[in-house]
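Single-structure report; data block below.
The values are calculated or read from the model by the stated rules, or taken from the named source; none is laboratory data. Model, not experiment: these values are computed from the prediction. Note that we place each Cβ from the backbone using ideal geometry, even for glycine, and neighbour counts take in every protein chain shown. Side chains included, ligands, DNA and RNA excluded: accessible areas come from the protein's heavy atoms. Shrake-Rupley method; radii C 1.70, N 1.55, O 1.52, S 1.80 Å.
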Amino acid sequence: MKRGKKAEEAVAADGENDSGSASAKKTKKTKEPEAPILYEDPPDKMTSKDGRSANMKITSWNVDGLRAWVKKGGLDWVREEAPDVLCLQETKCAEKDLPADITSMPEYPHKYWAVSDDKEGYSGVAMLCKTEPVKVTYGIGKEEHDKEGRVITAEFPSFFLVTAYVPNASRGLVRLDYRKTWDVDFRAYLTELDVQKPLVLCGDLNVAHQEIDLKNPKGNKKNAGFTPEEREGFSQLLAAGFVDSFRELYPEQANAYTFWTYMMNSRAKNVGWRLDYFVLSSSLVPGLCDSKIRNKALGSDHCPITLHLAV
């Protein structure tokens, strides 16, 4: 997710001392800065509510440029995490330019890439699988959305896995109208799939759904990712029978973010946004074991997230 200068300022306005008199604000520079509140990813839970053991592990990561992420050692982390399926967003890499380090990975013999038709080095998603899916499709069947390489869907025996890089409403909200159209069409696509078999949706959904999902809600209500329209789009997705897995397990957990702008030392201060999700069909929720935010993993302006599921 990219932000303009104005948005960066709003993101940074993390309200170290929102209350207080004008004179207190004048002397703020001499005050000790507040210690950041960090999120500690708890130990992984490997058993579902209905007592089944996790047998499917999926990791999703917006890598903000695949080639740079590989150079920063992203694949070392992946090998350690060892998911059954790895989903990547914002790969920004034409297929001909994919690094050999990732195309030759023996751990994932089944690799799928979607790239932008229009602009090279823009958008793009990938899915790397240990076992071969029954079927793989690209896009959502609408040309206006499918030229930017934003969606891959893999059908597995008991569920669909959809990875998505949802369009950003952009600086000045210049793409907000387009985003609203996307939200409606994408929801229709997911609902149609869900009739056939349940699904897991993962990726950078480019929205912080509730105030708890970003550090500075007050300063960002008119910024991409936290407009009422985008938040309502996500609410409507949930109302259509889908569940935000992280909030299902951790409804009150604050300071749990997956994106931090590179500016103003935001990551060290944990001034972030939760933009990356595992959204499940409601029928998969009984098998939900854990939904993880791996915020210690570096290499991008997003961190990876991991889902443990019993299917």
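Remarks
- Think of the chain as having a plus end and a minus end, set by charges on the Cβ of Lys, Arg, Asp and Glu; of TYR277, MET263, MET127, MET263 sits farthest toward the positive end of this dipole.
- Dipole magnitude of the range 169-223, debye to nearest 20 (Cβ charges: Lys/Arg +1, Asp/Glu -1, about Cα centre): 380
- Solvent-accessible surface (1.4 Å probe) assigned to LEU38 amounts to roughly 100 Å².
- Only protein atoms count toward the accessible area here, which uses a 1.4 Å probe; on the chain, the carbon and sulfur part of that area reaches 53 percent.
- Gyration tensor (alpha-carbon) shape descriptor, the range 56-309, a/c threshold 1.5: rounded
- Where LEU161, LEU238 fall by accessible area, highest first, once all protein chains stay in place (1.4 Å): LEU238, LEU161
- For the listed peptides 164-176, 95-107, a ranking on the average number of other beta carbons within 10 Å per residue, highest first, reads 164-176, 95-107.
- Around the amide H of PHE160, modelled in the peptide plane, lie the amide H atoms of LEU199, VAL200, all under 5 Å away and 5 or more residues distant in sequence or on another chain.
- Charge dipole of the chain about the Cα centre (unit charges at C-beta), most positive-ward option of ALA224, ILE37, LEU173: ILE37
- Using only side-chain charges placed at the Cβ, +1 for Lys and Arg and -1 for Asp and Glu, the dipole size of the chain relative to its Cα centre rounds to 980 debye.
- Measuring r between the beta carbons of GLU229 and ASP185 and using R0 = 22 Å, the FRET efficiency lands at 0.90.
- Sparse packing (at most 14 other Cβ atoms within 10 Å of the Cβ) combined with a DSSP loop state is found for the following trypsin sites (Lys or Arg not before Pro) in the range 223-311: LYS296.
- In the context of the full set of protein chains, residues of the range 56-309 present 38 Å² of accessible surface per residue (probe radius 1.4 Å, heavy atoms only).
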